[in-house]
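Student: Before we start, here is the structure in question, set down as structure tokens.
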Amino acid sequence: MSSTSRTPSADKNGTKASTSGSASSSTKVTAQPEKKTAQKPAKKTVEKTAEKPAKKVETSTRQTVDNPVKKTADTTVITETITGSLRDCTPQGKGMRRFHEGDIAIVDAPDMSRREAQALVEKHPSAVVNIAQFSTGNIPNYGPQLLLDAGIPLLENAGAATRGSFRDGKKGSVTADGEVRAGKKPIAQADAVDRALADSSFDESQQHLVDHMEAYFGNSIEFIHTESPLLVDGVGVPELGDAMEGRRVLIVSPTANTRERVEPMRNFIREFQPVIIGVGAAVDALLDSGYSCDFIVGDPADISNDNLRGDARVILPADPDGHAAGLERIQDLGVGAVTFPAATDSPTDLAILLAVFHDAETIVTVGDGLDLDRIFAGDEDATPAAMLTRLKAGNRIVDSRVIENLYAKSSSGAGLAWAWAILGLLVAVATVILIVGLVGNGSFVDNLIDTWNNFALTVQNLFSR
């Protein structure tokens, strides 16, 4: 590959591409996307000419006077105040279960997908208020258009404070100027979304995604070119013995709720006794949760002195030239450490490669996962290095949420087993009572009383000796 086709000046996930005249071995390189000027106008022309006449035919029907929503060829506009019960349809709410036709849906859905929009269309809301933006411009999502085509007015950018400012089911309203009210109290000011705005955002985000992915894969190619010895043969991976060979490895990375993410893993840890690798600040969170690390990967500045002085082996991420941040602190503490040089800024990537090249059987990661949506959205942690590292791990790597779900189902099965055991015990007791009551010369009740008295006398005689 020519050095003039890939440039070393770029954002690490490929969202900002620039040109340069010199070649470099740095891995943070993007590919300058080629502008496809010949195809784009033709595509837009076909879309516009195909859709416009159909929309005019649909909107030629006159709306009734009582309908507060005015439909035109390319927009759905609130002309009068819309009233209805406010439903909390955010991921934390239960409004979708209680939804009735004509309610006002409050959602938190940045880049609303077609499936999310279809679920709302089937509920027939009178309006949808989004705490976030229906389209952020990162991905070409068609959810807003689906709602608008169903004649549902949309408002966005209501703000995070909206979620906690109303009770689900409370009567509310949306005014023509975008004010959202719970009762008579204003709780948010939102922006109206029309079809022209939704279509414009869709076109722009479609081109943005193409440009972003061209740059992203340019960076991926450059990372492979620079780090192929590491990815293929594990060149540069520290030698750690056979501590991980054939064992489960639990890698815990720092998140906003690390302790809450670790707590559901207690059954897995108890059953399999995995090798635990703490990454950065997650080391302290693990200690607070009662777990000690076998290995520590990360900048010492993020880790307490007590944990650095513990029994865990410390691996310092280093630049390709061997420089490692925090090495002086490690030396001052008198702690032995090894460096892991690689062209990635993520200690989590290094921890995964450690487990891969030391033959771990299963690698369970606790932290923010990597998926295609995060790559499309340009998430700062969804780098080419992160993608290639996880592809290298292959079918050995699994997110901790999968393990949580497995143990949750197992626990529900155990509860069912206990229920059956108790039922069996009750059946056995009932059978004994039935036999005792039917055996004897007296009535059923007299036989039970005689048997109980005989049993009580026997026990009394045992203690009186």
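Student: Let me confirm something: among Leu197, Leu240, which residue is more than 25 Å from the chain's Cα centre (by Cα) and under 26 Å from Asp321 (Cβ atoms)?
Tutor: Leu240
Student: Follow-up. When you go through (1) free of Cβ contacts under 8 Å to residues at least 24 places away in the same chain; (2) small (Gly, Ala, Ser); (3) buried (at least 22 other Cβ atoms within 10 Å of the Cβ) one by one for Ala256, which number turns out not to apply?
Tutor: Failing condition for Ala256: (3).
Student: Taking Gly369 as the residue in question, decide whether it is under 26 Å from Met213 (Cα atoms), in a loop (DSSP other than H, G, I, E, B) and in contact with a His (Cβ under 7 Å, 6 or more places away or on another chain).
Tutor: Judged against the criteria, Gly369 is not a match.
Student: Same structure again: Would you list the strands (runs of 3 or more DSSP E) that sit entirely within the range 104-213 and hold 3 or more residues that are surrounded by 15 or more Cβ atoms within 10 Å (Cβ to Cβ)?
Tutor: 104-107, 127-130, 154-156, 171-174, 179-182, 185-189
Student: Report whether or not Arg309 is buried (at least 16 other Cβ atoms within 10 Å of the Cβ) and touching a Leu at 6+ places or on another chain (Cβ under 9 Å).
Tutor: For Arg309, the condition - buried (at least 16 other Cβ atoms within 10 Å of the Cβ) and touching a Leu at 6+ places or on another chain (Cβ under 9 Å) - is not met.
Student: Please pick out the residue among Thr383, Thr344, Thr365 that is in contact (Cβ under 8 Å) with a residue 24 or more places away in the chain and in contact with a Lys or Arg (Cβ under 7 Å, 6 or more places away or on another chain).
Tutor: Unique residue meeting the criteria: Thr383.
Computed from the coordinates by the stated procedures, all read-outs in this text should not be read as laboratory data. The shown structure was predicted, so the numbers you read here are calculated from the model rather than taken from an experiment. Glycine also receives a Cβ, built like all others from the backbone with ideal geometry; neighbour counts cover every protein chain displayed.
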